[in-house]
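**Student:** Submitted below is the structure of interest, expressed as structure tokens.
The values are calculated or read from the model by the stated rules, or taken from the named source; none is laboratory data. All figures in this text were calculated on a predicted structure; none of them were measured in a lab. Here the Cβ positions follow ideal geometry from the backbone for every residue, glycine too, while neighbour counts run over all protein chains shown. Calculation scope for accessible area: heavy atoms of the full protein, side chains included, ligands and nucleic acids excluded. Shrake-Rupley method; radii C 1.70, N 1.55, O 1.52, S 1.80 Å.
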Amino acid sequence: TFMKIVDLVWVGAMGPPGGGRQPVTNRYMRHFNIIGYTELRDASMDLIFSTILTNFLSNDFPEEVVAMSSNVIQATIKIYNNIAAELLPTPEKSHYTFNLRDMSKVIQGMLGCNNKCVLEPKGLMILWVHECRRVFKDRMINNKDRNWFEGQLQTLMSEFYDTQWADVFTNGEGVVDDLVF
């Protein structure tokens, strides 16, 4: 039997060609309205995520932990921008497509903590590193990329938290602890 479809709305999403995505022909694209958007500026991301994290930490956390929320957001924005600029998708690494959703996963993971496990700023730094590793590093496929990422974390820790990696992640005997938060 013949079927007639009436009032069909079809929505599709696509990104620019590259990283395993193929270009779409103009003959096909003429059937769609194309809506594009610009990437959020760093100031906009800072405002959005700072508001979320600061309001969460303001409930029951110590003041010195709440005061770190701005640094956490700025460091997360910086690592996100660095990764998006440096680790571009290739045929071997087609899943290296980082977007704002990844940054929100880092912040969302931090919102899962409570004031019993984060008692001081050091605890918040450890949680931040853990979430960045979980979201970004777990997708990396070789040691070169993973080592680059660890170097980025160490640089950002000294830049935004004014502390050295070894001061946070070593035990009393000077041995670097394996990080599990």
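**Student:** When you go through (1) open to solvent by 50 Å² or more (accessible area, probe 1.4 Å); (2) within 30 Å of Met157 (Cα to Cα); (3) of a type in the set (A, V, I, L, M, F, W, C) one by one for Ile73, which number turns out not to apply?
**Tutor:** (1)
**Student:** Checking the condition at pLDDT below 90 and either part of a helix (DSSP H, G or I) or open to solvent by 40 Å² or more (accessible area, probe 1.4 Å) (or both), which residue from Asn115, Asn147 passes?
**Tutor:** Working: Asn147 fails: at pLDDT below 90.
Being at pLDDT below 90 and either part of a helix (DSSP H, G or I) or open to solvent by 40 Å² or more (accessible area, probe 1.4 Å) (or both) holds for just one of Asn115, Asn147, which is Asn115.
**Student:** Quick one: Asn81 ticks every box in (1) touching a Gly at 6+ places or on another chain (Cβ under 9 Å); (2) assigned to a helix (DSSP H, G or I) except a single one, so which number is it?
**Tutor:** Checking Asn81 against (1) touching a Gly at 6+ places or on another chain (Cβ under 9 Å); (2) assigned to a helix (DSSP H, G or I), the one that fails is (1).
**Student:** Another question about this same structure. Quick check on this structure: which one of Ala85, Ala166 is free of Cβ contacts under 8 Å to residues at least 12 places away in the same chain and under 25 Å from Leu47 (Cβ atoms)?
**Tutor:** Numbers: Ala166 fails: under 25 Å from Leu47 (Cβ atoms).
None of the others qualify; the one that does is Ala85.
For (1) assigned to a loop (DSSP other than H, G, I, E, B); (2) exposed (fewer than 10 other Cβ atoms within 10 Å of the Cβ); (3) in contact with a strand residue (DSSP E or B) (Cβ under 7 Å, 6 or more places away or on another chain), each residue gets a yes or a no:
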{"position": "Phe2", "(1), (2), (3)": "yes, yes, no"}
{"position": "Asp7", "(1), (2), (3)": "yes, yes, no"}
{"position": "Val11", "(1), (2), (3)": "yes, yes, no"}
{"position": "Tyr28", "(1), (2), (3)": "no, yes, no"}
{"position": "His31", "(1), (2), (3)": "yes, yes, no"}
{"position": "Ile35", "(1), (2), (3)": "yes, yes, no"}
{"position": "Glu39", "(1), (2), (3)": "yes, no, no"}
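**Student:** Condition first: acidic (Asp, Glu), out of contact with any strand residue (DSSP E or B) (no Cβ under 6 Å at 6 or more places or on another chain), surrounded by 10 or more Cβ atoms within 10 Å (Cβ to Cβ) and modelled with pLDDT under 85. Can you find one or more residues in the stretch 41-56 that meet it?
**Tutor:** no
**Student:** Just a yes or no: is a residue in the stretch 64-75 in contact (Cβ under 8 Å) with a residue 60 or more places away in the chain, farther than 25 Å from Gly20 by Cα, among the hydrophobic types (A, V, I, L, M, F, W, C) and outside any helix (DSSP H, G or I)?
**Tutor:** Yes; the residues of the stretch 64-75 include at least one that is in contact (Cβ under 8 Å) with a residue 60 or more places away in the chain, farther than 25 Å from Gly20 by Cα, among the hydrophobic types (A, V, I, L, M, F, W, C) and outside any helix (DSSP H, G or I).
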